[in-house]
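Student: Before anything else, here's the structure in question.
The values are calculated or read from the model by the stated rules, or taken from the named source; none is laboratory data. Just so it is clear, the model here is predicted, and its values are computed rather than measured. A quick note on method: Cβ atoms are made from the backbone with ideal geometry, for glycine too, and the neighbour counts reach across all protein chains shown. Please note that ligands, DNA and RNA were not included when accessible areas were found on the heavy atoms of the full protein model with its side chains. Shrake-Rupley method; radii C 1.70, N 1.55, O 1.52, S 1.80 Å.
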There are 6 protein chains.
Amino acid sequence: MNAVFVNGLVCKNPNYVKPEDFFFSGLDKAGDTSKNLGSNVTLVNVDRLAGLNTLGISLARIDFAPKNGLNPPHIHPRATEVLTVMEGTLYVGFVTSAPEFKLFSKVLNKGDVFVFPQGLIHFQFNFGAVPAVAFAGLSSQNPGLVTIANAVFGSNPPISDDVLAKAFQLDKKTVDWLQAQFSNSN
Amino acid sequence: MNAVFVNGLVCKNPNYVKPEDFFFSGLDKAGDTSKNLGSNVTLVNVDRLAGLNTLGISLARIDFAPKNGLNPPHIHPRATEVLTVMEGTLYVGFVTSAPEFKLFSKVLNKGDVFVFPQGLIHFQFNFGAVPAVAFAGLSSQNPGLVTIANAVFGSNPPISDDVLAKAFQLDKKTVDWLQAQFSNSN
Amino acid sequence: MNAVFVNGLVCKNPNYVKPEDFFFSGLDKAGDTSKNLGSNVTLVNVDRLAGLNTLGISLARIDFAPKNGLNPPHIHPRATEVLTVMEGTLYVGFVTSAPEFKLFSKVLNKGDVFVFPQGLIHFQFNFGAVPAVAFAGLSSQNPGLVTIANAVFGSNPPISDDVLAKAFQLDKKTVDWLQAQFSNSN
Amino acid sequence: MNAVFVNGLVCKNPNYVKPEDFFFSGLDKAGDTSKNLGSNVTLVNVDRLAGLNTLGISLARIDFAPKNGLNPPHIHPRATEVLTVMEGTLYVGFVTSAPEFKLFSKVLNKGDVFVFPQGLIHFQFNFGAVPAVAFAGLSSQNPGLVTIANAVFGSNPPISDDVLAKAFQLDKKTVDWLQAQFSNSN
Amino acid sequence: MNAVFVNGLVCKNPNYVKPEDFFFSGLDKAGDTSKNLGSNVTLVNVDRLAGLNTLGISLARIDFAPKNGLNPPHIHPRATEVLTVMEGTLYVGFVTSAPEFKLFSKVLNKGDVFVFPQGLIHFQFNFGAVPAVAFAGLSSQNPGLVTIANAVFGSNPPISDDVLAKAFQLDKKTVDWLQAQFSNSN
Amino acid sequence: MNAVFVNGLVCKNPNYVKPEDFFFSGLDKAGDTSKNLGSNVTLVNVDRLAGLNTLGISLARIDFAPKNGLNPPHIHPRATEVLTVMEGTLYVGFVTSAPEFKLFSKVLNKGDVFVFPQGLIHFQFNFGAVPAVAFAGLSSQNPGLVTIANAVFGSNPPISDDVLAKAFQLDKKTVDWLQAQFSNSN
């Protein structure tokens, strides 16, 4: 899925629509948290649930490994997210726009809800000893996902290390090492 | 909350916004299903979670008593709903517009997801022997809720029984009895 | 026309567009009010007037037989309606969302206008001795129509009578009888 | 009403809303067509019918004197218009965007409908021997009205006659005369 | 480009999208101001820069000959315009809706910005002795352009001169002469 | 300006609106590029140009120092940006969503245009020997700005260094050093 494809899906001929077009299964299964920094996002957007087309909503299950499972800082270019903790404990937050860059954060327990406004950087972190699970609703059938570290240091082709070294106040050697790390992880 | 108030909430002065404005707690608690046909909806909309204002999303927890807990036929005037079953089994469905009035229904188990498009009549029914729980995302911060039977037979003041008797092909005596039932339940 | 097809119509190649694509005729003719509870809706939406595509508006003529011609309780999933009485007298109303379920109603005479907000149940009833005629504007090129009784009791396939008996506090025998009535009328 | 005030109306407190907020009367009365080029527009927008606020629709009755009653070339900055002829005959049309400037026109009789897309110049002209009446729906609660001749030649203060003479290929004396005419008519 | 084609462009398959789809060149070149009343608009909309599709923005460079180069009164049916003067001096203005028809005008120098709200008639005029250049942003990928004089007097086919003579308070001979002028210029 | 305040500005009473409400001056002046990594953004949004309210557009002038003036990786949560180079040379790019993270980049010269779709990370870099200047249009009156490095490493209060160290694969000492840098720069 690509940013230029925002509204690009055609609707199915209504005569052939069936209940299965509005159905998706498997969100009871925990995602594999052994990779990806100890978290796993199962996103149910219009690509996986065709009946969401034009309707402005999607959802996700997010699993977190115990002891530092992390859904790293990211944004959704076209959606606000509302997250509910089903199991475990999460430290979550988002950062507001310039020039304040305020961090609005909270430790969430089971049954707690938090809002991440459209286009703002946010994260969820399980510092607890047991797995955590959250469900989220997103205000677009195609919210998009921009993982900050991967987009910045792992793009294909890479962003010039002159740019990144200056932007992040790192020496180029560190940038090059980071680019090697994230290039491999994408 | 009233239909004319669709977009009426003013935003808080950003200088005084705090993390708690984006926070809500208590969705881990089962709602009381001993009334209301054996179901209970805990809606988290902009009235209860101010940080949702202007952001186009809200959520709900729905509890169902075992053996026929019912979230009766209803519509959301301003939102599509995406529902996920967390526990138990639900028979769910929605009905399309005239002239087809197709019922799109499905029996959902734990981890199953179903979409109810904006403005269409839908329901969820727990015919199982154990309680059921579902979480739903809705594509508006103020989706609204129109329970069909209550709006039709329990409005205040009541709709003329001439209208309802003809519309539902019932005799007026039955309509008057229904109006008494639903008037009391509102 | 089906709920998933909300925005699905493709625009015509502009080189071949002609005045007739923006034209529709026949709204001076009274609809047949001998069936359908004594009313008849002639809806001019994007299916019948292609030039409305993407433009967010449609219209309808509604005819009512004298002595109880009824446009029964219904909703438009994607549109607000503004109705003007051209001839005769109509008792009209709509019901607000939960938990108030207020009925906002009025007796309208020739030249009177009433607003039915998006997604709320509304009706029009001609209790007068002469035919009534109304014209309505709707805020979508594809507003949709959900006639409550037909969608609830006449869907195809039918909704389980367990659900309907409980939701409407009717015994199953009455529900089955209603389903037979509305199944035939669709 | 002013262009900067596009979305500026506050919603009424829902507790005090009453049926009259959704009601308007008097559209059965013909407007006075003895001035204004022989036409009269009775616009029912959010300023006159508060219940339209946020709902994206308004309506108008347009009366035309016989023998050349004219609703002169104009645009609605924020709405598409759908017009239905109730009585008489109208020559109507709109002009498409640059570079084609195609005129899409039609002679309409009773019961005929025509669409004027948002922001395009359109007109209606009664060349018949009897009065004409039309009703129109518009896709905004605040569509706005820009009468071309009055906006161009009758603005307050006036546009420089250097600009208008060049734009309309008229000599300045003619422009000045036109400005005097339209200044008086506003 | 035609008014019915408002949202008609299909998105490219994301697998084949490349940087050039987001790129356009040549805005450093002055447009030819020897025709068209001494101005020249280079519009970069979705037809010329495919990557703008669905993204709600476009831009333009406008060149003005010295001594009365004019971008004549026009509207954009689907966009607000924000203009910045890069070189020279411009007298600019827009006219508000009926019934006020207020002219909001200003003489702009290098580095000045002015807003022309959606659907309102506006113009820019270089009364200075040197060329002027402006850049503008428009709030639609397909804003459309309706040049008033050309749409009114130069449409194809022409609007009836009965309509135009009455609307503009001109004799028919003058109208016919104007129609000949603008017909040739389109 | 804060993310919760997205649509929160009230319109001015139209009776008191004047031309100056649509006017802004000073974009001919180069911004000070001696700080902020060698770039300077002069954003003209609804806070600085009140007449943009509700109209969905804003603009910016961006100045770049020679030899590595950088507008570092950032996003606009609520707007697409279209940028035109007025002077100099810029290396620009944006990165698409997961999982591809494609970099779409280009070296731009005077008169070249590039599109940065809503919510995607993008940057502009002047590697040339002379200053560069660009103008940009943005598709919101309140686009917002999230500078990636400042939001991630310089938020107030800071994000836990456990989170950042893991997300960016850096040791905590490096993170703490970065946080000290960016905390000072905000």
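Student: When you look at D:Asn68, is it surrounded by fewer than 22 Cβ atoms within 10 Å (Cβ to Cβ), of a type outside the set (Val, Ile, Thr) and at positive phi, yes or no?
Tutor: Yes; evaluated as a whole, the condition is true for this residue.
Student: Okay, moving on. Please pick out the residue among A:Phe168, A:Phe182, A:Phe135 that is of a type outside the set (S, T, N, Q) and assigned by TED's automatic domain parsing to the domain that holds A:Thr80.
Tutor: Of the residues listed, the single one that is of a type outside the set (S, T, N, Q) and assigned by TED's automatic domain parsing to the domain that holds A:Thr80 is A:Phe135.
Student: Another question about this same structure. What strands (runs of 3 or more DSSP E) lie completely within segment B:71-127 and have 3 or more residues being open to solvent by 10 Å² or more (accessible area, probe 1.4 Å)?
Tutor: B:103-108
Student: Filter segment B:47-59 down to the residues that are over 11 Å from A:Val82 (Cα atoms) and in contact (Cβ under 8 Å) with a residue 60 or more places away in the chain, then identify the one that is surrounded by the fewest Cβ atoms within 10 Å (Cβ to Cβ).
Tutor: B:Asp47
Student: For the condition out of contact with any Lys or Arg (no Cβ under 6 Å at 6 or more places or on another chain) and touching a residue at least 60 places away in the same chain (Cβ under 8 Å), what is the one hit in D:Ala167, D:Ala129?
Tutor: D:Ala129
Student: Let me ask another. Would you say B:Ala60 is modelled with pLDDT of 95 or more, of a type in the set (Gly, Ala, Ser) and assigned to a strand (DSSP E or B)?
Tutor: Taking the combined requirement at face value, the residue satisfies it.
A quick yes/no check of all residues on (1) touching an Asp or Glu at 6+ places or on another chain (Cβ under 8 Å); (2) facing chain A (nearest Cβ under 7 Å); (3) of a type in the set (A, V, I, L, M):
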{"position": "F:Ala50", "(1), (2), (3)": "yes, no, yes"}
{"position": "F:Asn53", "(1), (2), (3)": "no, no, no"}
{"position": "F:Pro72", "(1), (2), (3)": "no, yes, no"}
{"position": "F:Ile75", "(1), (2), (3)": "no, yes, yes"}
{"position": "F:Leu90", "(1), (2), (3)": "no, no, yes"}
{"position": "F:Phe94", "(1), (2), (3)": "no, no, no"}
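Student: Being touching a strand residue (DSSP E or B) at 6+ places or on another chain (Cβ under 8 Å) and either among the polar types (S, T, N, Q) or part of a loop (DSSP other than H, G, I, E, B) (or both) is the filter here, so list the residues in segment F:140-152 that pass it.
Tutor: F:Ser140, F:Gln141, F:Asn142, F:Pro143, F:Leu145, F:Thr147 - these are the residues of segment F:140-152 that are touching a strand residue (DSSP E or B) at 6+ places or on another chain (Cβ under 8 Å) and either among the polar types (S, T, N, Q) or part of a loop (DSSP other than H, G, I, E, B) (or both).
Student: Whether any residue in segment F:171-179 is away from chain E (no Cβ under 14 Å), among the polar types (S, T, N, Q) and within 22 Å of F:Asn40 (Cβ to Cβ) is what I want to check.
Tutor: For segment F:171-179, residues away from chain E (no Cβ under 14 Å), among the polar types (S, T, N, Q) and within 22 Å of F:Asn40 (Cβ to Cβ): absent.
Student: Let me ask something else. Quick check on my filter: what residues within segment B:6-36 are of a type in the set (A, V, I, L, M) and modelled with pLDDT under 95?
Tutor: B:Val6, B:Leu9, B:Val10, B:Val17 - these are the residues of segment B:6-36 that are of a type in the set (A, V, I, L, M) and modelled with pLDDT under 95.
Student: Select from segment C:160-182 the residues that are open to solvent by less than 10 Å² (accessible area, probe 1.4 Å) and more than 19 Å from B:Asp176 (Cα to Cα) and write down the one among them that is nearest to the chain's Cα centre (by Cα).
Tutor: Checked segment C:160-182; the qualifying residue nearest to the chain's Cα centre (by Cα) is C:Phe182.
Student: Got a number for residues in segment F:108-141 being within 11 Å of chain A (Cβ to nearest Cβ) and farther than 20 Å from A:Ser140 by Cα?
Tutor: 7
Student: Taking segment C:126-151 as the region of interest, how many residues are among the aromatic types (Phe, Trp, Tyr) and closer than 24 Å to C:Asp28 by Cβ?
Tutor: 1
Student: So, one more: Which residues, counting only those in segment B:161-170, are of a type outside the set (A, V, I, L, M) and within 11 Å of chain C (Cβ to nearest Cβ)?
Tutor: B:Asp162, B:Lys166, B:Phe168, B:Gln169 - these are the residues of segment B:161-170 that are of a type outside the set (A, V, I, L, M) and within 11 Å of chain C (Cβ to nearest Cβ).
Student: Please name all residue pairs, on different chains or six or more residues apart, with Cβ atoms under 6 Å, provided the first residue is in segment F:13-27 and is more than 7 Å from every other protein chain (Cβ to nearest Cβ) and the second residue is charged (D, E, K, R) and assigned to a loop (DSSP other than H, G, I, E, B).
Tutor: none
Student: Can I ask one more? For segment D:24-42, what are the residues that are open to solvent by less than 50 Å² (accessible area, probe 1.4 Å), closer than 22 Å to C:Glu87 by Cα and not in a loop (DSSP other than H, G, I, E, B)?
Tutor: D:Phe24, D:Asn40, D:Thr42
Student: Based on this model, can you work out whether A:Ile148 counts as touching a residue at least 60 places away in the same chain (Cβ under 8 Å) and under 15 Å from the mean Cα position of the chain (by Cα)?
Tutor: Considered against the rule, which asks whether it is touching a residue at least 60 places away in the same chain (Cβ under 8 Å) and under 15 Å from the mean Cα position of the chain (by Cα), A:Ile148 comes out as yes.
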